[in-house]
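Report on the following structure.
The values are calculated or read from the model by the stated rules, or taken from the named source; none is laboratory data. What you see is a predicted model; the values in this text were computed from it and never measured. Cβ placement follows ideal geometry from the backbone for every residue including glycine, while neighbour counts extend to all protein chains displayed. When the accessible area is computed, the model is the full protein with side chains, heavy atoms only, and any ligands, DNA or RNA have been set aside. Shrake-Rupley method; radii C 1.70, N 1.55, O 1.52, S 1.80 Å.
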Amino acid sequence: MDPTIPAYYADSIPGFDPTLIPGYVPKYKWTRSKYGTVNPLVNLDMKNRTERHNYLIGNFGITVNILKGLDFINRLGGEINYTEVKEYEGKYWASEVNNRKDDRLILLTRKAFSWNLQNILQYNQSFGNHNILLMAGHEATEWKQEEIGGYRLGMFSDDPWMLYPIMSTNDSSTAQFVTGSANIRSTEAFFGRFNYDFKGKYLLSVNIRRDGASNFGSNKRWGNFPSFSVGWKFSEESFVKGFEYLSFGKIRGGYGKTGANARSGFPYLPKIEPTDQFRYSFDNKKSYTGMGPTQIANEDISWESVNMTNIGIDLGFFSNRLFLSADYFSKVNDGMLMLMEVSRIAGTYVGSNMASTYPEVNIGKISNKSFEFTLSAKKKEGQIKGSIDLNLTTVKNEVLKLSTDSLMRGRVHTLQPTNITYEGAPVAQFYGWETDGLFRETDPTRVIGGKTVIINQPFYIKSNGDTAYAQQLAKPGDLRYVDRNGDGQLTNADRTILGNPLPKLIYGFTINLEYKIFDLSAFFNGTIGNKILNGTKQYLYYLQGSGNHAKDFTNRYVQDDIVKQTSTGGELVVLRKNVNTDLPRNDPANYNKLNPFYIEDGSYFRLRNLVLGVNIPQNFTSKVNIQRCRLYFGAKNLFAITKYTGFSPDVAGKSPENPGEGILELGVDLGIYPVTRMYYFGANITF
Amino acid sequence: MKYNIFKYLAIFITGIFATNCSEEFLSPEPPAVINAGSYFTKIEHADQAITACYSQFNNVAAWDRNLIMGFGDIASDDAEAGGDFVNEVPEFENFNRLISNKTDIMFEETYGTLWKAISLCNLAITRLPNIEKNLTDQSQIRLLRRRIAEAKFLRAINYFYLTIVFGEVPLVDHVLGSDEYQQPRANLKDIYNLIETDLKDAIDVLPERGESGWELGRATKGSAQALLARMCLYESSYAHYYNGQDARFSRLTIRWADALTYAEAVISSGKYELVGIDGRKYNTWRGPQCDGFRYIFTSDGDFCPEGVFEITCLTEPGLGYNVSRGNALAKWTSARYILKNGVDGPSDFWGLGLPTQSLLAEFETGDPRLKTTMAYEGSNDSIEIRGGARYPISFSHSITKTYQRKWECGEADWMSKASDWPTAPMNIRLIRYSDVYLIAAEAALMLNQNDKAREYINKVRDRARSCGTTGAPAPIDRAVTIDDIRHERRVEFAGEGQRMFDIVRWNIAYDLLNGPNADGYEKTYVRGTHEFQPLPEREVALSGGKLQQYPGW
């Protein structure tokens, strides 16, 4: 919406005709943009929606001591989640396409019931300095959900105590609607554990788990997931006792494999469902619901295994006033589960607002390696007390295996795909065309077939002897794309990697200072080395349709003065000729290829939080019977240092650590809601 | 004692759940979905599956907007993108300028919708025959066979539209396995062979229009014959007019005789009628004296004998866009501006797909079809807007100084038939009877049966003449030429999404489209590129290199 348009019309709504909705008197007069878009306030004003979530959670457990050190443990947990949604929308008229002739009451009830049961036999015993734990167990879980919902039109009144489906006399079949669905999921696991330590100095733990899930077909249902870890608290050893400044030291390492369950329900099953997308009418009087497949089945789907290896060291000095940890992590997601995009020839297209029909598959193997350092130090000097905590994480991501050549995902308006993932490279790198400046009016030209063509650019000779230029239609002010493979044509084969959305380093540090009654705390964080695809540029530099534009867009290449007729018949120069610029002219057909213009450095350094506190001295507070009183003033997101020109560099909400749909289209900024700056003030009072 | 109670309780609870823990526990019956493996056993399942095959016509974006208004008309010399101002809808302006953007959603919507229908048909054609062994009642067996024949017709028509928009596409005649999702383009001849086989099967089984048991909105024998005639006409045209110059058409053969045979089969069935040829007037929302040609383009003309195959139309509350359909063309193409008391104001229609001046000039003086087709500056036309008021059309925002009128829809229709989604109630007449005559006329001409060609083209002109009072268009009383056919098709089907496909098959698009649009934009038509639209870029990316854009896209 144009920010200069007020929220409501002052007098009447243009185009509103009282006969359209008999008996309706406009209460709100929402404005519309020049292009007919209604102010989004309409939703806020008209929709009255309540959601009630009721949880009932119960746990029950028994431990039976059978012999000394031998326990039988039984745990039973259950959860009932009962959700009620009630939404009422009254009659309104905001525009010819945005209105409601009959008021509508929507009701939805969802009940979910889940339980889990564990039976564990555990033996825990110490033999001198040897401590042993042996454990074997079984676990089962089940989750069931049912839903019923519907609507009714033409309510008796909009009073809240009248909003029940019975309170309508509109009995026509189109004025009421009921639907409902159900879902179920179960898992089962057997597991065992062996823990051993000697004097708490040498530590060993071995685990084995066998997991089964209803989401997988009967032949692929079970997966085995072992793990072990070892540790050595060397500060307990006599040979280090001499180093007095060393207060703690431990080396640890381990390997573990865990399983990740499928996301969709029964992905191995070829499902047929009666959904709205399969309706048709044969006589224009009544429509029939057809039945069709709703998800491509993958009979071979099985567990994704997450393999974690880590080695680390913890060191504490000077009674742990200085503490250092260093870790190396390797995490490999093998058989990663993901909805796989499949060609439309398999019938995967669904019209608007409908779920995906893509099969869920074990798509590949992705590795994440990282070093992580944390350092904390405390110091007291007279009345000044200070501490600092620092953490640094390096990120190295690589796709080890992929069941297909490459996966290209992401879309910003006309840029598609935006990211590419293939074996041997990090996930989701930006993929597009390089550019080499603009075509200029000084470039040599030739007239071909009655049209002026710029000729200092790649070309090839067609079979009929004609010369074809890579950008035959280019005009001065257009971007020159690089013909990387030198075939004289501009094709998909000329695309290359334009950047990596993953940072090389993620860091954060906190500083705490105390002086007399004052305390100060500041938390900074940031990333280094990641790129962001500034998708907002696709809209702000794309002069089409009805959107708003970037201020800098006025600095674009303009070949001739742009002149507009004024209402009085005069002429107004809207934009002067401007050829000394690197911003391309306004021809979307030319710059709708993903190119470095959209890719920006996403590194940032941000003050996330700053708090200043003051403890009111007790000799004041005790007079009013207050033991302790601390007043504080804080600010969040005070500043960020970044070269990124979009709203906010905090784009990478999708992390490669949590594989899932988003991982293949990282770092694409579609105009995220920027982090807000916040000031706050508070008091802690103890009586 | 207390201790023992808990002990037994624990064992008891464990016992209850332990009985559950088995393969059975991990194989719950999936609630509220059907396993495709156990489906397709009853005649009802055949009905449900075929309803789904038809359902994809509900995608108004793919059919009304893209196939008919966009690729069929705006891309051609018949229409400009239009709207409030030039480039209001950039995707259409791109078709109009021959710079289609292969990532625009229009391509994916269209390609995806047609393929979705084909995949539903593939499933039905593969699985429905298995139902027959469960049936004993002969009438049910006949019904089942008819349903399968409908699926074949639907597979054919969806493939046909794929080939005229995108050229060669993959050929898929079964439910794809997981290692078959990447397919190259198939040769057009192979796709035409599948279309032909399907349509011949459908012709054998489907009932004639009006036969007992026939339902209004379903495919008939006539639908299949007409589509096969159209396909033979296209195949012959590509073979004849490109004459080996374009490798994509190299295996196609000239079969005017087949086109004529199938078109004449529809004509000789006697089931259809050139509505209005007898001068009859019809009562519609426009009034009691509506001429036949105008009547075809009102909701009152739904399922009239002019319709050889129609997309049905029913808007239902609660069902959204692309699920429940109205005819979206009314909203999108009707005049955008009206004069209220001499002042320009919006009509709430969108004014897209503006007819060009060259289309206007194509109409013979006094041809009554012009008034039904378009309004133009000086035509003194008015339009009924929502609320029922009627205002003069204003051309202040129309770059061509014209608007389409074929799909207009009156207030009575909006109120009585359309509901939530503001699209008009009016079927899309995908194959009209006059098309069958003009296919026959063109095929006869190419077979040097000029008398026959003249008889058929004059039928269409007779009907047009009977719908007016001017005596135009006069019957042709000399040898018919291909230019007569081209002229007649252009004025008869303007706004119905046929022009671009026609001028491409006649290989005259290069001559007609090179040059300026109404806004002065200079178009460049490149042979080998602009005959067809680009494939959705996403499909190329997913194909592992097997699917290639045509050069230039």
Helix B:2-18 axis, angle to chain B major axis (alpha carbon atoms, nearest 10°)
40 degrees
When you look at the Cβ of every residue in A:397-404, what mean number of other chain Cβ atoms sits within 10 Å?
1
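What number, rounded to the nearest 500 deg cm²/dmol, is the helix-based mean residue ellipticity at 222 nm of the protein assembly as shown, given -39500 (n - 2.57) per DSSP H run of at least four residues and division by all its residues? If you can, show how the numbers build up before the last one.
Numbers: 23 runs with 250 residues, N = 1240.
-6000 deg cm²/dmol, from helical runs alone.
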At 1.4 Å probe size, with the rest of the protein present, what percent of the exposed accessible area of the range B:329-415 is carbon and sulfur atoms?
53 percent
log10 of Debye I(q)/I(0), alpha-carbon scatterers only, for the range A:284-415 at 0.19 Å⁻¹:
-1.13
Solvent-accessible area per residue for the protein assembly as shown (1.4 angstrom probe, square angstrom)
44 Å²
Environment charge of A:GLU84, counting only residues whose C-beta is closer than 10 Å and scoring Lys/Arg +1, Asp/Glu -1
+3
For the protein assembly as shown, report the translational diffusion coefficient in µm²/s to the nearest whole number, using Stokes-Einstein at 10 °C, 1.306 mPa s, and a Kirkwood Rh over Cα pairs.
45 µm²/s
Shielding of A:266-277 by partners, i.e. mean partner chain Cβ atoms within 10 Å per residue?
6
Loop sites in the range A:184-286: GluC sites (Glu not before Pro), DSSP, at most 13 other Cβ within 10 Å:
A:GLU237, A:GLU244
From the C-alpha coordinates alone, can you work out the Kirkwood hydrodynamic radius of the range A:139-182, in Å?
12.7 Å
Could you work out the local net charge near A:ARG185, counting Lys and Arg as +1, Asp and Glu as -1, over the other residues with Cβ closer than 12 Å to its Cβ?
0
I need the trypsin sites (Lys or Arg not before Pro) found in the range A:103-152, filtered to DSSP loop residues with at most 10 other beta carbons within 10 Å of theirs.
none
Counting pairs of alpha carbon atoms under 8 Å apart in space and at least six apart in sequence, what relative contact order in percent does the range B:331-411 give?
40 percent
What percent of all Cα-Cα pairs in the range B:329-415 falls in each 5 Å bin, counting up from 0?
3, 16, 28, 27, 16, 8, 3, 0
Residue-averaged beta-carbon neighbours from other chains (10 angstrom radius) around B:283-291:
0
Can you list which of the GluC sites (Glu not before Pro) found in the range B:80-127 are DSSP loop residues with at most 14 other C-beta atoms within 10 Å?
none
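Mean separation of Cα pairs under 8 Å and 6+ residues apart, divided by the residue count of chain A: what relative contact order is that in percent? Don't skip to the end; give the middle numbers.
Numbers: 1661 pairs, mean separation 45.8, N = 687.
Value for chain A: 7 percent.
For the range A:1-150, what is one quarter of the convex hull surface built on the Cα atoms, given in nm²?
Its Cα hull, projected and averaged over all orientations, spans 16.5 nm².
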Under the Debye formula (equal points on every Cα, no solvent term), log10 I(q)/I(0) of chain A at q = 0.07, 0.12 Å⁻¹:
-0.80, -1.56
Report the dimensions of the range B:108-177 along its three principal axes from the alpha-carbon atoms, largest first, rounded to Å.
44, 24, 18
Stokes-Einstein diffusion coefficient of chain B, Kirkwood radius over Cα pairs, 25 °C, 0.890 mPa s, in µm²/s:
98 µm²/s
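Which value, in square angstrom to the nearest 100, describes the accessible area buried between chains B and A on both sides, using a 1.4 angstrom probe?
Accessible area lost upon association: around 7900 Å².
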Order by protection proxy (mean Cβ within 10 Å, highest first), peptides B:42-49, A:425-432
A:425-432, B:42-49
So, counting K/R as plus one and D/E as minus one, what does the shell of residues with Cβ under 13 Å around A:ILE251 add up to?
0
